Amino acid sequence: MKLPRPLTGGAFFCYNLLMNKGFTLIESLTVITILALMTSILILYNRTGERQIVLLREKANLISTILKAKNLALGGFIQEPLQAVVCGYGVHLEENQYLIYRDLAVDCNASDKRYTPDNPQELFGDIIEISPAVFLKVDEVQDILFAPPLPDVFFDGGAALLEKNIILSDIDETTAVTININNAGQITTQ
């Protein structure tokens, strides 16, 4: 049986083992730099995720409001007392808010099928403010009206012949979601 070879260097070798247990200044600075870089990436990623959550929440709220207007039109909901006939319910879109409105007219065939801000009776419920971190693009459509009984769909006062898109984006327009509404009132998202 062989015995292990004794360590050479004697007391000097043992002194070096005891003194080399720490890290050098360069090693410590390297670790701190890597941790700072990883923390900044994590914070940036977290803010991007927060923007997407706000954007998706606003998309869900807008879709819910459009579906509510569609259901009101399907149900023929009328709130008394009104001097005019309710010809349908719709959603009016602006860059930082949207609302549900009633299309009121004496004769529904002669209705303009648009929201009239001058008529306070057309407003149904509250005006819904969009988060300041989200921007609503209203280039393609501003008024969406559902008229009973099918419901018939009207975009900006005219009959819906094609699909229209509503685009929600964050303020710096790096992330966007699209809500599509076709001429049958079906809502899809991208």
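Each value in this text was obtained by applying a stated rule to the coordinates, not by laboratory testing. Because the structure is predicted, anything quoted here is derived from the model rather than measured. All Cβ positions, glycine included, derive from the backbone under ideal geometry; neighbour counts span all protein chains shown.
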Contact order relative to length of region 37-189, as percent, for alpha carbon pairs under 8 angstrom and 6 or more apart: 22 percent
To the nearest 10 degrees, how steeply does helix 25-75 sit against the main Cα axis of the chain, on a 0 to 90 scale? 20 degrees
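How would you order 144-156, 28-40 from highest to lowest mean count of nearby Cβ atoms within 10 Å?
Top of the packing list down: 144-156, 28-40.
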Assertion target for Glu140, Glu122, ordered by fewest C-beta neighbours within 10 angstrom first, is Glu140, Glu122
